[in-house]
Amino acid sequence: MSTQYKHTFIPLLGCLLLLLLSPAQATIYKWVDNEGTTQYTQAPPIGRASTIVPRPVPSDISSEEARTSLLKAQQKLKEWSQQRKEKKLQQKIDIVKQEQLIQQCRQARIDLANLGNAARQRFRTAEGEYVRLSEEQRRRLRQQLRDKIEKNCSDL
């Protein structure tokens, strides 16, 4: 950095720091309004009792301790962010599973209705083939479908 810029940059940086730190040094007043809500302001309320909120006492920690504390906080933030992403992903997976279950329930109800319509109707298997079922096969399949619907579809 050239000398010309240093002479301009350093005072500007100092002013910026003073501006940023000055609100932190402002007095904070605590008071209760007419509706019973606690208010915090930088100016005391007119005609009301208020208390000054004590400022936190700066700690006497070293820069290394502060750096370590900051790194721990950053790590915790990363962990929370990762957990949040994982939770969102799990929610999406749960939604997809729920939609698949709804579709399977619809299909099971359709299949059950089709099994009851005609005695010699062809039935489509899970593999996509069409077969004619005996009365005993139809009865077993109807019971399996009813059980599946009762187990998986009762709350849908």
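The values are calculated or read from the model by the stated rules, or taken from the named source; none is laboratory data. Just so it is clear, the structure is predicted and the values come from calculations on it, not from any experiment. Cβ atoms come from the backbone with ideal geometry, glycine included; neighbour counts cover every protein chain shown.
Things worth noting here:
- Residue in region 44-63 that is part of a helix (DSSP H, G or I), modelled with pLDDT under 85, under 41 Å from the mean Cα position of the chain (by Cα) and not aromatic (Phe, Trp, Tyr) present: yes
- Answer from ASP147, ASP111 - the residue that is more than 30 Å from THR27 (Cα to Cα), assigned to a helix (DSSP H, G or I), without any contact (Cβ under 8 Å) to a residue 60 or more places away in the chain and in contact with a helix residue (DSSP H, G or I) (Cβ under 7 Å, 6 or more places away or on another chain): ASP111
- When GLN90 is tested against (1) outside any helix (DSSP H, G or I); (2) surrounded by 10 or more Cβ atoms within 10 Å (Cβ to Cβ); (3) modelled with pLDDT of 80 or more, only condition (1) is not met.
A quick yes/no check of all residues on (1) of a type in the set (Ser, Thr, Tyr); (2) in contact with a strand residue (DSSP E or B) (Cβ under 7 Å, 6 or more places away or on another chain); (3) within 30 Å of SER154 (Cβ to Cβ); (4) modelled with pLDDT of 90 or more:
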site	(1), (2), (3), (4)
VAL32	no, yes, no, yes
THR38	yes, yes, no, yes
THR68	yes, no, no, yes
GLN98	no, no, yes, yes
LEU101	no, no, yes, yes
ALA113	no, no, yes, no
ASN117	no, no, yes, no
ARG124	no, yes, yes, no
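- Taken over region 114-131, residues that are in a helix (DSSP H, G or I) and aliphatic (A, V, I, L, M) amount to 1.
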